[in-house]
Structures are given as C-alpha cells and as structure tokens.
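So the structure is just underneath, and the comments pick up after that.
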Amino acid sequence: MAAHAAEPESVVPPMPERTPKALRKAIAQHAPTLLPDFDAHWKWAIADTYDLGPVPAFVARWWIEYAIARDPKLDAHLHDLEHRAAESTDIAEARVLLDEASKIRHQALRTEPGE
C-alpha cells in the first residue's frame, strides 16, 4: 500500500500594491466572493461621486477585508470569533471575543505589500 503524501499547506497569496486597482485584481484572483461588494462600494463611494477624498478610507477597509479573506484559516477564525460573540449571553466573554477579532483586523491593516 502506497503512503499518501501529506496535503500541502495552502499558500497565502502576498498582499498587492496598496492601490485600488491592484487590490481589486488581487480580490478578483484570490477572494472573488468579495468582488461584488468591492465594486458596489467603489461605485457608491468613489465613481458616482467623482470624489477621490474617500479613496484612502476605501483602500484601508478593503485592504483589511482582503488580508483576512486571502487566508482561509484566518477568515474562518475571525468569523468564528464574531459568531461566538454574537451568540454569547455573557457580556465579558463577548467583549473578549470581539477584542480578539479587533486585534486581527488591526493586524491586517498593518500588513504590508508583498507580505
């Protein structure tokens, strides 16, 4: 009987350049379920208003979303924390869970291109 090779660890794709165009391309390639919301948000916040002022906030928001979504294990962990917090009847427990989720989101924002 032949031994089965261990399943290779899924490789988390690197972060793109910190531009809307590069971020959209990365989302389309590695986290396509986010693309409809990304495009709708871009249209509503930037394209329809012809206002480039919100672009840094837009990129920051979607940078976090992509940084998390590109890593299925991290994405599942974050959603689990948020779900458990929403279901918790203990305010202290919910706060601990949401604090951990917040730390994950803040760390995602600090991820640099290429990481």
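The values are calculated or read from the model by the stated rules, or taken from the named source; none is laboratory data. What you see is a predicted model, and the numbers here were worked out from it, not measured in a lab. Ideal geometry is used to build each Cβ from the backbone, glycine not excepted, and the neighbour counts take in all protein chains shown.
The figures follow:
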{"quantity": "Cβ-Cβ under 7 Å pairs, at least 6 apart or on other chains, the stretch 23-47 side in contact (Cβ under 8 Å) with a residue 40 or more places away in the chain, far side of a type in the set (Val, Ile, Thr) and assigned to a helix (DSSP H, G or I)", "calculated": "Leu23/Val59"}
{"quantity": "Hits in the stretch 83-102 - residues which are surrounded by fewer than 11 Cβ atoms within 10 Å (Cβ to Cβ) and outside any loop (DSSP other than H, G, I, E, B)", "calculated": "Ala86, Glu87, Ile91, Ala92"}
{"quantity": "Close pairs (7 angstrom Cβ cut-off, 6 or more residues apart or separate chains): farther than 19 Å from Ile64 by Cβ and of a type outside the set (S, T, N, Q) in the stretch 85-103, modelled with pLDDT of 95 or more and part of a helix (DSSP H, G or I) anywhere", "calculated": "Ala94/Ala85"}
{"quantity": "Criterion: touching a helix residue (DSSP H, G or I) at 6+ places or on another chain (Cβ under 6 Å) and among the hydrophobic types (A, V, I, L, M, F, W, C) - qualifying residue of Ala67, Ala60, Ala40", "calculated": "Ala67"}
